[in-house]
1. Of all accessible surface on region 49-97 at a 1.4 Å probe, what whole percent is carbon and sulfur?
2. Measuring with a 1.4 Å probe in the full set of protein chains, what accessible area per residue, in whole Å², belongs to region 95-220?
3. Enumerate the whole-percent occupancy of each 5 Å bin, from 0 to the last occupied one, for all C-alpha pair distances of region 64-181.
4. What length, rounded to one decimal in nm, is gained on full extension from residue 50 through to residue 110, with 0.36 nm per residue of separation minus their alpha-carbon distance?
5. Enumerate the calculated ³J(HN,Hα) couplings along region 175-184 in order (Karplus 6.51 cos²θ - 1.76 cosθ + 1.60, θ = phi - 60°), each rounded to whole Hz, writing x wherever the residue is Gly or Pro.
6. If you take the beta carbon distance between residue 131 and residue 153 as r and set R0 to 35 Å, what does 1/(1 + (r/R0)^6) give as a FRET efficiency, to the nearest 0.05?
7. In the structure shown, do any of 149/192; 60/85; 132/192; 126/149; 85/149 have a Cα-Cα gap over 21 Å, and if so which?
8. Just the number, please: percent antiparallel of the DSSP beta bridges in region 45-179, rounded to the nearest 5.
Amino acid sequence: MTEKRPLGLPSAKLVAIAAVAGILAGAAAVYVKQTTSGNGEVAAETAQCQGAVQKAETLKPFTTGQVAAMVAATSPRTITGLSFKDASDKDMTLADFSGKTVLLNLWATWCVPCREEMPALDALQKAEGSDKFQVLAINIDTGNADKPKAFLEQIGVNALGLYRDASMGVFNVMKKEGLAFGLPVTLLIDEKGCLLGSMNGPAAWGSEDAAKLVRAATGA
């Protein structure tokens with residue numbers, strides 16, 4: 001009988017994958033051309049986001065341990081216009097979370113590392129969620145909401161809420177802009193919608209390392 005490993009606790013192998021993905025993301029970022037896209041926009045906004053680059057630099061000491069694969073933003077970039085829906089099928093964008101630091105995570109039920117980190121993301125939202133911080137986990141399964149909804153209920157995830165983009169447009173934008181190479185992918189975005197950092201691969205988001213990163217990002 002195969003021994004089951006608890007959900008939300010990435011193995012050493014998964015953490016190693018995340019670290020490698022972080023290195024690749026950092027290397028690829030040098031070659032990314034910042035452009036405007038159909039579903040959303042990742043553009044250089046020097047006036048608005050210059051402070052975000054400086055803040056990202058101060059967060060580097062906190063991108064360690066379980067969140068070592070987080071790559072700090074090195075140039076001003078806004079993450080705007082991303083379109084998705086909430087659990088009631090209401091149209092939403094990242095602007096609806098303006099004023100909050102957002103940990104934006106893209107996931108799917110067919111992605112094993114995604115499934116493993118969902119309970120940890122839920123724990124992070126429960127512990128650190130506030131008027132200053134939000135974990136925004138967007139599911140990109142195609143079809144209706146039945147499968148992702150049932151999965152979250154099955155594993156007891158209830159703090160995140162169900163946000164969806166069945167068109168996969170959000171992922172395609174992030175991929176085109178060099179921020180996503182697969183799933184899961186996570187972006188750390190400040191209260192103005194400016195990119196602070198990005199991570200490709202899973203992480204133990206329920207860890208103290210993740211909590212310290214979030215607190216440093218929000219000034220808590």
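1. Details: 1250 of 2390 Å².
Accessible surface attributable to carbon and sulfur in region 49-97 totals 52 percent.
2. Details: 4560 Å² over 126 residues.
Accessible area per residue, region 95-220: 36 Å².
3. 2, 10, 20, 25, 23, 15, 4, 1, 0
4. Working: separation 60, 0.36 × 60 = 21.60 nm, distance 3.74 nm.
Length difference between fully extended and current span is 17.9 nm.
5. Taking θ as phi minus 60°, the curve returns 5, 4, 8, x, 9, 10, 10, x, 10, x Hz for region 175-184.
6. On the way: r = 27 Å, r/R0 = 0.76.
Between residue 131 and residue 153 the formula returns 0.85.
7. Values: 149/192 30 Å; 60/85 32 Å; 132/192 12 Å; 126/149 19 Å; 85/149 13 Å.
Flagged as over cut-off: 149/192; 60/85.
8. Numbers: 4 of 13 bridges.
Close to 30 percent.
The values are calculated or read from the model by the stated rules, or taken from the named source; none is laboratory data. Computed from a predicted structure; not experimentally measured. Note: ideal-geometry Cβ built from the backbone for every residue, glycine included; neighbour counts use all protein chains shown. The protein model used for the area step is the full one, side chains on, heavy atoms only, and it has no ligands, DNA or RNA in it. Shrake-Rupley method; radii C 1.70, N 1.55, O 1.52, S 1.80 Å.
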